[in-house]
Amino acid sequence: MKLVNKLNDPDFIDRLRLTNMNYEAEEIAIEAGPFVPTNTEKAWLFYFLRHEDTGAFLDADTRETLLRLLNDQQASPSLHNYLTEKGKPDIERAEAPLVKTLRSFISAETCMHISYQTNNGATYNEEGIPYWLMYNIAKKRWYLWWLRHDPECEPLQRRRLTPVTNISAVSSLDIDKTPYAEELEQLLPKYEDKRVAALLWKPLYENMDVQRLFHAFSSFEREIVEENGSYQLLIHYYPEEEKYLLSKIRLFGPHVRLLSPKALQDELIHSAKMALKNYTKS
C-alpha cells in the first residue's frame with residue numbers, strides 16, 4: 001500500500017511550485033538539478049566574485065570557473081553597500097598613516113619637526129624627539145610620546161603625549177640630543193617595567209569554556225598554567241593598561257579570581273563598593 005499525504009500529493013506539489021517556487025515572476029527550473037539559483041541569487045554571486053576581497057575566500061581557479069558560468073549575468077548595483085559595508089573591519093582607526101614614519105624615526109633615533117592639533121583646535125609647529133609609540137587598545141588609537149626641544153624648560157613640561165591622528169605632518173630634523181640623554185634613558189619603556197597579574201579560572205557552571213578566558217586576554221602577553229584541572233593565567237601588562245585589564249576581568253564576574261597584585265585587587269574592591277552605593281538606600 002502506498003501512503004499519500006500532503007507532502008507527496010501531486011496536487012500539493014503543483015500548488016507549491018506555483019506559489020512558493022517563483023521569485024519575482026521567475027520560475028525555478030527544477031528539472032535542471034537539485035538547486036537552481038534565481039536571478040537575484042546569481043546577481044549576488046556575480047557581484048561577490050568581482051569584488052576585490054574575493055581572493056581571501058576563493059582560489060583563482062574556482063573564481064574563474066564561477067565567472068565563466070555566470071558570463072551572461074548582470075551585477076545588481078543595489079548590492080554594493082551590503083557587500084562592502086556589512087561587517088567591515090575598522091582598519092583606518094587601527095593603523096594611522098604616520099605610524100610607520102614615526103616608528104622609523106624612533107628606531108633610527110631621529111629628531112623631528114612636528115605639526116599637530118590639540119583637542120581644542122589649536123595648531124602647533126614644534127621640534128622634538130620621539131621616543132615611544134603606544135597603541136591604546138580600549139580607544140583603538142595610536143599615541144606618540146615625545147620630548148619638546150627646549151633645554152631651558154622643566155622636564156615635566158617638555159614631555160608630550162599626542163594622538164597620531166592629530167598629527168598633520170612630520171619630518172626629520174638634526175637636533176643635538178645630548179642635553180636629553182639622561183632623561184630619555186629614564187623615559188624609554190623597558191620590559192622590566194611590565195607588571196604581572198595572576199587570574200584563577202573558577203567557573204560556577206560546568207559548561208563554561210576556558211577558551212573564552214584565553215580569548216578575552218589575547219591582546220596581552222600571557223602564560224597559561226594548568227594544575228589539577230584548574231587554570232591560572234599570568235598576564236603581563238604595562239601600568240597604563242591597568243584600566244583596560246580591569247574592564248576585562250570584570251566581564252567574568254565570580255568566574256575569575258584575581259590572585260595578585262594587591263593594587264589591582266584594591267581597585268576592584270573600590271569600584272565594586274562605589275557601584276554598590278547606587279543600589280543602597282540613602
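Here are the numbers:
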| item | result |
| --- | --- |
| Flag if T280 is more than 30 Å from L102 (Cβ to Cβ) and either among the β-branched types (V, I, T) or modelled with pLDDT of 85 or more (or both) | yes |
| Selected residue (criterion: nearest to the chain's Cα centre (by Cα)) from residues of the stretch 248-271 that are under 19 Å from P203 (Cα atoms) and surrounded by fewer than 11 Cβ atoms within 10 Å (Cβ to Cβ) | G253 |
| Selection within the stretch 231-254 - in contact with a helix residue (DSSP H, G or I) (Cβ under 8 Å, 6 or more places away or on another chain) and more than 21 Å from N136 (Cα to Cα) | Y231, L233, F252 |
| Listing of strands (runs of 3 or more DSSP E) fully contained in the stretch 121-204 that carry 1 or more residues being within 27 Å of P239 (Cβ to Cβ) and among the small types (G, A, S) | 123-136, 195-201 |
| Matching residues in the stretch 101-121 - criterion: being more than 18 Å from W142 (Cα to Cα), hydrophobic (A, V, I, L, M, F, W, C) and under 30 Å from the mean Cα position of the chain (by Cα) | A108 |
| Selected residue [touching a Ser or Thr at 6+ places or on another chain (Cβ under 9 Å) and β-branched (V, I, T)] from V210, V170, V225 | V170 |
| Answer from L188, L161, L173 - the residue that is of a type outside the set (G, A, S), in contact with an Asp or Glu (Cβ under 7 Å, 6 or more places away or on another chain) and under 23 Å from K100 (Cβ atoms) | L173 |
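The values are calculated or read from the model by the stated rules, or taken from the named source; none is laboratory data. What you are looking at is a predicted structure, and each value in this text was computed from that prediction instead of being measured. Because the Cβ atoms are built from the backbone with ideal geometry, glycine has one as well, and the counts that use them run over all protein chains shown.
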